[in-house]
Amino acid sequence: MILILLGAPGAGKGTQAEKLVEEYGLQHLSTGDLLRSAVSDNTELGRLAKRYMDQGQLVPDDVILGIIRGYLKEHAGEGVLFDGFPRTVVQAEGLDGILNGVEARTISLVVDDQRVIERLSARRSCRACGRVYNPALGINPASPDRCACGGEIYQRDDDKAETIAKRLSVYHAQTEPVVEYYRSRNLLVEVDGAGSPDEVFNRIRKVLT
Ligand code: AP5
């Protein structure tokens, strides 16, 4: 299965991806995680990506499509969950070319902007393992200063108020057309992203059965 998880920043893609990967045995490709790891390793890709990510802008399509091509070559024949990709119509068309007739199932998590702002402003993450904490919203409420893995808990640079606003406006301008792209091909199912993570996951499960 090729599954695409769309949704605004903070819609809960990463949270649901973790559950989906466990239940359906998919490879999890989060372009955001991959770019953050390149930033933290200070690679050439990371230095380029940081310039865009810190401003809430999208990394150029050709860079992202290069990453996807390389990943799918490495994981040929395996089920993949795309989290945070495609984010532009150019990326969606590029993916169609790469998949060459293999149809992807597409789920869009629907969450309003106000809820997104609440979630992202309160999110904290582990620098080492990426685990997400959000005690204000009851997600891993026993958030310590250090993660269970020993890593430092921090706030992502792009979770500051002004960058959240920019990311949301980029989402509405550049990624909502991707939702339409899949809707017009009857490949899209929208799932309400409000409620607890388990409630949202149960809705996704129903769609996938
Ligand atoms: P990326 O890391 O993909 O960020 P994003 O799409 O903005 O998504 P987030 O990780 O912020 O949110 P999420 O939907 O995964 O929500 P989460 O589950 O964490 O991308 C970062 C940047 O990289 C981009 O801005 C761009 O620059 C670049 N980039 C990445 N991909 C790219 C691409 N394809 N093309 C170009 N550039 C790209 O949840 C959020 C919070 O809410 C958490 O605290 C969580 O605990 C909480 N939460 C989740 N679900 C619930 C719930 N049901 N109830 C209450 N709280 C919840």
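Structure notes:
- Each part reduced to its alpha carbon centroid, region 1-77 and region 162-209 end up 16 Å apart.
- Only helices enter the 222 nm calculation for the chain: every DSSP H run of n ≥ 4 contributes -39,500 (n - 2.57), and dividing by all residues gives -14000 deg cm²/dmol, rounded to 500.
- Computed over the Cα atoms of region 85-162, pair by distinct pair, the Kirkwood hydrodynamic radius stands at 15.2 angstrom.
- The reciprocal of the average 1/r between distinct C-alpha atoms defines the Kirkwood hydrodynamic radius, which for region 17-110 equals 14.2 Å.
- Highest-first packing order for the peptide set 178-191, 12-25, 69-82 is 12-25, 178-191, 69-82, based on the mean count of other beta carbon atoms within 10 Å.
- For the chain, DSSP calls about 25 percent of its internal beta bridges antiparallel.
- Per atom type, region 1-87 shows carbon and sulfur on 47% of its accessible surface, probed at 1.4 Å.
- Length released on extending from N100 to D198, taking residue separation times 0.36 nm less the Cα-Cα span: 31.9 nm
- Here the alpha carbons of the chain define both size measures, Rg and Dmax, at 16.4, 47 Å.
- Sulfur and carbon atoms: percent of accessible area, region 110-187 [1.4 Å]: 49 percent
The values are calculated or read from the model by the stated rules, or taken from the named source; none is laboratory data. Just so it is clear, the model here is predicted, and its values are computed rather than measured. Please note: Cβ atoms are built from the backbone with ideal geometry, for glycine as well, and neighbour counts cover all protein chains shown. In case anyone asks, the SASA skips ligands and DNA or RNA and just uses the protein heavy atoms, side chains included. Shrake-Rupley method; radii C 1.70, N 1.55, O 1.52, S 1.80 Å.
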